[in-house]
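Here's the structure, in structure tokens; my notes come after.
The values are calculated or read from the model by the stated rules, or taken from the named source; none is laboratory data. Small disclaimer: the values here were computed from a predicted structure and weren't measured. Cβ placement follows ideal geometry from the backbone for every residue including glycine, while neighbour counts extend to all protein chains displayed. Calculation scope for accessible area: heavy atoms of the full protein, side chains included, ligands and nucleic acids excluded. Shrake-Rupley method; radii C 1.70, N 1.55, O 1.52, S 1.80 Å.
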Amino acid sequence: MMTIFEAIRSSQLVQTPSAAMLPTRRHHHRAAHYLVPLLLTAMLLHMPSSTIAFLTTGSQSQAAHRHPSSLQNAYRDESSFPLNNGNDQQQTSPSSTSSSPQQNDDVPQLSKFKSRPPKIHPDSGGRITLVGSGPGSPSLLTLAAHSLITDPSNLLIVDRLVSAEIRTLMDEAGVNYKIANKTPGCQMAAQDEIFEWCKEGLRNGKHVVRLKIGDPFVFGRGGEEVLQFRQFGVEPTVIPGVSAAFSAPLLASIPVTHRGISNQVVMCTGYGKNNTSPDLIQYHPEQTVVFLMAVGRLRKLCDSLIHQAGYPPQTPVGIVERAGCPEQRTVVGTMESIADLAERFNVRPPSTIVVGEVVNVLLTEEDFVEVVNIKVEQGVGCDGDGDVDSAGAVGGEERGHHGLIV
């Protein structure tokens, strides 16, 4: 059997260029057109059958890995228009038969996905843009976001936590918008309402602008909404926003990295799917952890970080409330005192929690407008068993300065 090189040499397609025949781009393309199939055929002739089987199954496995299980219901047929009825039928692959082995439903097959839907719906002319509004200040909006949310011809579907300052900007421009009431305990019902509003806007041929706080793809359900919009028959345009995970600490004079103090940053959410608690990040002395959407379960979070993730009770913690807005506040404490301080100063969402030694790098005593001397009994911390006196202190050993920065 010929080797690969013998097969190439025997082919008349390969010639040694002479001085009178200089290679051109056209010649290269022509040679590649014939040589690539020849090379692949020669390689397969000399390749063991087990290796060929491995390459085939490996490519299928990698393709399945690139598509998460949540994509099973993604848009598959650009000819369908699911806005016209409420019953979206899931298509079945024509190649599947009763005699074929049972497929794992958690691993979607590449054959189920044809392409992304169009940006503009072919029937209604409607479209969707997913926009991040940043931490809250209108001055931190991107130019693209500012243009979209001040266009009166657009229909805006707005998250509840989008700042009043940005909503005022929309009011002054005469924009029609609806606010999603995503309060704790009713997130799923509110999300369903959002999707109904978006579907109605698409059906009416509107440019629907879905406005979210921060960045849509950073704990903002942005990916989940993209998948749902594909079910509606359109591929949304995504406009990034300034994420509070990095901008909120910066606005509060807290660098998330600092040489010799922190060389890594981890972003976490306080709420997993179905309001579950996400896995804890184990303690590392040179690590900064930023928590989004976690102020509602701060006491439980701190207790778990101390007793299950190995965080020292004296680990500095800062909470930045309404970053970038006129009423921005920063509360600084430790892992064992921050929950009491948050209650004392009535901290509310949207707030960003920063954990690590970087909290104290740039702050000075002059930055505090109110200092609370927290005293904690040994063994009593953020589990809430300590008694707070009228001055906001807990009886016992004094643990440094904590308080409020405006």
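Of note:
- Gain on full stretching of the segment that runs from Gln314 to Asn360 - 0.36 nm per residue minus C-alpha separation: 15.4 nm
- Cα gyration tensor, the stretch 217-284 - rounded (a/c under 1.5), prolate or oblate: oblate
- In terms of its C-alpha gyration tensor, the stretch 135-223 has an oblate overall shape, because the principal axis ratio a/c (a ≥ b ≥ c, square roots of the eigenvalues) is not below 1.5 and a/b does not outweigh b/c.
- Distance (nanometres) between label positions extended 7 Å along Cα→Cβ at Asp192 and Lys300: 2.4 nm
- At full extension, Lys178 and Arg221 could sit 13.7 nm farther apart than now, given 0.36 nm per residue minus the alpha carbon distance.
- Charge dipole (the stretch 204-284, unit charges on Cβ, about Cα centre) - positive-most of Phe246, Ile281, Val256: Phe246
- In the stretch 132-181, the alpha-carbon atoms span a convex hull of 66 Å³ per residue.
- Restraint check, Lys114/Lys199; Lys178/Lys300; Lys119/Lys212, Cα-Cα greater than 31 Å: Lys178/Lys300
- The solvent-accessible area of Arg167, taken with every protein chain present and a 1.4 Å probe, is close to 60 Å².
- When only the Cβ of Lys, Arg, Asp and Glu is charged (+1, +1, -1, -1), the dipole of the stretch 146-273 relative to its Cα centre reaches about 260 debye.
- Gyration tensor verdict on the stretch 263-363 (Cα atoms; rounded if a/c is under 1.5, prolate if a/b is larger than b/c, oblate otherwise): rounded
- Extension gain, Ser153 to Thr237: 0.36 nm times the residue separation minus the Cα-Cα distance gives 28.5 nm.
- Inter-part distance where the stretch 327-377 and the stretch 120-176 are each reduced to a Cα centre, Å: 33 Å
- Across the protein chains, with a 1.4 Å probe defining accessible surface, the residues Lys206, Lys199, Lys178 rank Lys206, Lys178, Lys199 from largest area downward.
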